[in-house]
Amino acid sequence: MVPRMSLLPLTPDELLSTTRAVRKRLDFDRPVPDDLIRECVQLSMQSPSGSNDPTMQFVVVRDPAKKAAIGEIYQQCFGMYKNWDGVYIGSIDKGSDDANAQQARSAASADYLGERMGDAPALIIACNTGGRADGLPGSMSANIFGNILPAMWSFMLAARARGMGTCWTTLHLFQEQAVADVLGIPFDQVQQACLSPLAFTVGTDFKPAARPDADSIIHWDQW
Ligand SMILES: Cc1cc2nc3c(=O)[nH]c(=O)nc-3n(C[C@H](O)[C@H](O)[C@H](O)COP(=O)(O)O)c2cc1C
């Protein structure tokens with residue numbers, strides 16, 4: 001497939017290292033063309049799938065009433081998460097003043113999206129029709145989530161390459177059934193995995209984030 005929309009001049013490594021969780025720099029006022037979303041989904045289908053059986057599906061929500069309903073559910077779930085000490089992004093001690101200042105900025109950004117999720121031009125919900133993961137052993141739930149998470153990340157990379165921002169979120173899964181009901185997703189058969197806003201970004205300059213050094217997380221030959 002030849003992309004029709006113009007791409008940002010990013011090298012592969014720049015794309016991989018600057019695809020951030022975008023919240024405050026989402027342009028809520030600029031519509032996102034359907035064709036651009038279609039291109040990102042098409043590219044995401046090049047991701048791997050168990051048994052070469054691509055069971056991933058994307059729900060693209062543009063309808064203002066449905067976006068508002070999902071935004072409200074997300075906000076309620078975010079409220080629960082915010083009271084969860086040690087899990088809420090703003091309650092995690094990163095061990096240094098600099099890192100804690102960055103964490104506080106991320107928390108403020110997450111709070112902002114908690115209020116504005118429903119205002120994004122489009123919401124993307126990544127799903128898998130291969131069944132539900134509830135209560136399954138790890139070997140099987142890994143297959144269910146593995147059939148959608150790489151595709152969703154590819155979607156996000158493709159979106160960034162086209163000047164759009166996304167933010168991986170999972171909090172709505174506290175009320176997954178309520179979101180399924182808003183969208184007519186058959187809850188018993190379809191596992192939702194991720195909800196993301198999709199919008200053009202305000203500016204396109206994003207930087208690599210501070211992350212652990214590779215040598216601190218690699219186990220060569222032995223854990
Ligand atoms: C499994 C997972 C769940 C996440 N859930 C949320 C969420 O519900 N809400 C949110 O605002 N961000 C969520 N995030 C985004 C993270 O906060 C973000 O990836 C992290 O802070 C790093 O941000 P950065 O890549 O911009 O540096 C989630 C990310 C992952 C991988």
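The values are calculated or read from the model by the stated rules, or taken from the named source; none is laboratory data. No experiment lies behind these values; they were computed from the predicted model shown. As a convention, Cβ positions derive from the backbone with ideal geometry for all residues, glycine included, and neighbour counts pool all protein chains shown. Only protein heavy atoms, including side chains, enter the accessible area calculation; ligands, DNA and RNA are left aside. Shrake-Rupley method; radii C 1.70, N 1.55, O 1.52, S 1.80 Å.
In this structure, Gln177 and Ala142 have a Cβ-Cβ separation that, at R0 = 30 Å, corresponds to a calculated FRET efficiency of about 0.85. Note on exposure: Phe200, Phe174 ranked by accessible area (1.4 Å probe, complete protein assembly) read Phe174, Phe200, with the most exposed listed first. Taking the 1.4 Å solvent-accessible surface of the stretch 77-175 as the whole, the part contributed by carbon and sulfur is 54%.
Rounded to the nearest 20, the Cβ-based charge dipole of the chain about its Cα centre (Lys and Arg +1, Asp and Glu -1) stands at 500 debye. List the aspartates and glutamates whose alpha-carbon lies under 14 Å from that of Lys82, not counting same-chain residues fewer than 8 positions away? Cα-Cα hits under 14 Å: Asp111, Glu115.
What residues have an amide H closer than 5 Å to that of Gly163, excluding those fewer than 5 places away on the same chain, when H is modeled at 1.01 Å from N in the peptide plane? When sequence neighbours closer than 5 places are left aside, the close amide H contacts are Leu8. Of the residues Lys67, Lys94, the one with the largest accessible area comes first in the ranking Lys94, Lys67, computed with a 1.4 Å probe on protein heavy atoms.
Quick check: from the Cα gyration tensor, does the chain come out rounded (a/c under 1.5), prolate or oblate? It comes out rounded by the Cα gyration axes. Rolling a 1.4 Å probe over the heavy atoms of the protein chains gives the chain an accessible area of 55 Å² per residue. Name the lysines eligible as straight-distance cross-link partners of Lys24: C-alpha to C-alpha under 16 Å, and not fewer than 8 places from it in the same chain. Straight-distance partners of Lys24: Lys207.
Measuring with a 1.4 angstrom probe and ignoring ligands and nucleic acids, Arg23 comes out at about 40 Å² accessible. Highest mean first, the peptides 181-187, 216-222, 164-170 sorted by other C-beta atoms within 10 Å per residue fall in the order 164-170, 181-187, 216-222. Cα to Cα, under 16 Å, and not fewer than 8 places away if on the same chain: which aspartates and glutamates meet these conditions relative to Lys94? Candidates past the 8-residue exclusion: Asp85, Asp213. The string of couplings for the stretch 190-205 from the Karplus curve (6.51, -1.76, 1.60, θ = phi - 60°) is 10, 8, 7, 10, 7, 10, 9, x, 10, 7, 5, 8, 7, x, 10, 8 Hz, one whole number per residue in order, with x for Gly and Pro.
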